[in-house]
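*Asks:* Okay, handing you the structure first.
We did not get these values from a lab; they are worked out from the coordinates using the rules stated. Just so it is clear, the model here is predicted, and its values are computed rather than measured. Positions of Cβ are backbone-derived with ideal geometry, glycine not excepted, and every protein chain shown enters the neighbour counts.
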Amino acid sequence: MTSAPVSNSTAHWRHLDAEHHLHPFSNTKSLNAEGVRVITHAEGSYVYDSEGNKILDGMSGLWCSQVGHGRHEIVDAISDQLKKLDYYNTFFKTTHPAATELAAAIAEVAPKGMKRVFFTSGGSEAVDTVIRMVRHYWASMGKPEKHIFIARRNAYHGSTVGGASLGGMKPMHAQGGLPIPGIIHVQQPYWWAEGGDMTPEEFGLHAAREVARAIDEAGPENVGAFIGEPIQGAGGVIIPPSTYWPEVQKICRERNVLIVSDEVICGFGRTGEWFGCQYMGVEPDLITFAKGVTSGYFPLGGVIMGERMAEGFIEHGGEFNHGYTYSGHPGGCAAALANLRLMQRENLIGRVKSDIGPYLQERWLKLGDHPLVGEARMIGLIGALELTPDKAKRAKFAQEEGTVGLLCRDFSFREGLVMRAVRDSMILAPPFTLSKQEADELADTALRVLDLTYAELKARDWLKSA
Ligand code: PXG
């Protein structure tokens, strides 16, 4: 072991990090060899690193910062709350004002008929809660055999054993013997990559019918719920064709299968509606949320239950043997309340829907004209660029999948814009407070990054299809 540099410097933090910190979704060996980037502070739409670089936060932290960074109103609300009540549980016939007020505030903005909220510390715990809620519900209704979940390939539902199992990420399943039993993964509605010769609308119906096929094969009497993200986020901002969700809803209703909308990314305004299911025209039975509910200022997540399900769950369910120490943590509830008030006062979701959203979309969709971009898509403030060596064929690169995406992402960071690479697509989800000037900067930088990537691919002779 080498001795640690002593100053508050990049080298110092990198050293400590490499010696002691195991990062999520990282190859520790190569990360330590490369040296991690140290983010020291953030303000508005920007984050700053320990080398003095100012970087436009095109990913809202990690799909969290709806209201932007450095909003003292939220920080003060957390601090005031913790001074008054730092912690108490919500288990043994107790509650506290912040948890009750937040549950009511969420019920107020939730889709019609969704009035009950269960709190967790984050999205994965919310998804695990859903597994237990759905199975407990059906058991309480005298149908314990309705335990199977239908989920999609390439979905992301978190990293706990339950969440990773419902998710459809093969590399996650490969580690730790997942998925757990009782989950069927079906076709995702990813037209660009998997739609073949179908129109997007035809493909949307096709993908929805795969849900029907899976339910019918398993027997509707054995299927408890379908779970889907309105727009797959971590899977690559996959916006389903307009035909998909209404057909999925019809299929599930006909077969008495509950619908779970995983809104950890889409919830709290990302699509320009409070919840992504509203954008998609779907009325789910359960909604999971996290991230944007506090804009990331404090860890908090949860599940919203619709009245159709709540009736049986409450009337017949008895005790629900499930809960987390931090279910309804006062700090998280205070953060969420302040965040919701701020979003309402500044009409930030209206801004996503009809002001900064359309403004950025116009510029972002134009990037689709770039020779490297097969498809540019964006709804509200969530978007993606599909990189391709051949637009007409929607071709993949000959290089191993993800190689070009990483190259592009590294250019982007270097040019001062956080975009995330998913396979060979670039994804974006900036704060709702993004100014028009920042939106211009974002689009200009993205264009420059595409040019740089294109030139590099040419130089390496990598503009070839698989
Ligand atoms: N569901 C969805 C739809 C998510 O996007 C989770 C559940 C799990 O939430 P927690 O709070 O337990 O992480 C998520 C989380 C990425 C990335 O690289 C996305 C997420 C988390 C980490 C990385 O895009 N989404």
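*Asks:* Any idea what the relative contact order of the chain is, in percent, if you count C-alpha pairs under 8 Å spaced at least 6 apart?
*Replies:* Working: 932 pairs, mean separation 88.8, N = 466.
For the chain, the relative contact order is 19 percent.
*Asks:* Now, a different point. Cα atoms only: what Rg and Dmax, in Å, come out for the chain?
*Replies:* Both quantities, over Cα of the chain: 22.3, 67 Å.
*Asks:* Put a dot 7 Å past each Cα toward the Cβ at residue 11 and residue 346; how far apart are the dots in nm?
*Replies:* Label at residue 346, label at residue 11, 3.9 nm between them.
*Asks:* Taking R0 as 22 Å, what FRET efficiency do you get between residue 34 and residue 448 from their Cβ-Cβ distance, rounded to the nearest 0.05?
*Replies:* 0.40
*Asks:* Ranked highest first by average number of other Cβ atoms within 10 Å, how do 313-320, 431-438 line up?
*Replies:* Details: 313-320: 13.0, 431-438: 19.6.
Ranked from most to least packed, the peptides come out as 431-438, 313-320.
*Asks:* Divide by every residue of the chain the summed helix terms, -39500 (n - 2.57) for each DSSP H run of at least 4, and state the resulting mean residue ellipticity at 222 nm, rounded to the nearest 500 deg cm²/dmol.
*Replies:* Values: 18 runs with 196 residues, N = 466.
The helix contribution divided over the chain gives -12500 deg cm²/dmol.
*Asks:* Within the stretch 23-56, list the residues whose amide N lies under 18 Å from a label point set 7 Å along Cα→Cβ of residue 410.
*Replies:* 26-38
*Asks:* Write down, largest first, the equivalent ellipsoid semi-axes of the stretch 396-448 in whole Å, where each equals the square root of 5 times an eigenvalue of the alpha-carbon gyration tensor.
*Replies:* 24, 11, 8
*Asks:* I've got another one for you. What does the convex hull of the alpha-carbon atoms of the stretch 72-345 project to on average, in nm²?
*Replies:* Value for the stretch 72-345: 14.4 nm².
*Asks:* With both partners inside the chain, how many of the DSSP beta bridges are antiparallel, as a percent to the nearest 5?
*Replies:* 70
*Asks:* Something else: Based on the Cβ-Cβ distance of residue 254 and residue 213, what FRET efficiency does E = 1/(1 + (r/R0)^6) give at R0 = 22 Å, to the nearest 0.05? It would help to have the intermediate numbers written out before the result.
*Replies:* On the way: r = 13 Å, r/R0 = 0.60.
About 0.95, to the nearest 0.05.
*Asks:* Could you give the length gained by full extension between residue 101 and residue 73, i.e. 0.36 nm per residue of separation minus their alpha carbon distance, to one decimal place?
*Replies:* Working: separation 28, 0.36 × 28 = 10.08 nm, distance 1.74 nm.
Going from the current span to full extension adds 8.3 nm.
*Asks:* Please give the Cα centre distance for the stretch 280-335 versus the stretch 180-252, rounded to the nearest Å.
*Replies:* Centre-to-centre (Cα) distance: 24 Å.
*Asks:* Where the only charges are on Cβ atoms (+1 Lys, Arg; -1 Asp, Glu), what is the dipole of the stretch 72-345 about its Cα centre, to the nearest 20 debye?
*Replies:* Value, rounded to 20: 380 debye.
*Asks:* Let me ask something additional. What nm distance separates the two modelled labels at residue 325 and residue 221, each placed 7 Å from Cα along Cα→Cβ?
*Replies:* About 4.4 nm separates the two model spin labels.
*Asks:* When the Cα centres of the stretch 429-466 and the stretch 132-158 are compared, how far apart do they sit, in Å?
*Replies:* About 41 Å separates the Cα centre of the stretch 429-466 from the one of the stretch 132-158.
*Asks:* Sorted by packing (mean other beta-carbon atoms within 10 Å per residue), highest first, where do 303-309, 161-167, 250-256 land?
*Replies:* 161-167, 303-309, 250-256
*Asks:* At what distance in nm do the modelled label points of residue 173 and residue 108 sit from each other, each positioned 7 Å from its Cα along Cα→Cβ?
*Replies:* Result: 4.3 nm between the two label points.
*Asks:* Could you sort the peptides 42-53, 350-361 by per-residue average Cβ neighbour count (10 Å cutoff), highest mean leading?
*Replies:* On the way: 42-53: 15.8, 350-361: 18.9.
So the order, starting with the most tightly packed, is 350-361, 42-53.
*Asks:* Calculate, in nm to one decimal, what residue 354 and residue 458 gain on full extension: separation in residues at 0.36 nm each, minus their alpha carbon distance.
*Replies:* So the extension gain works out to 33.6 nm.
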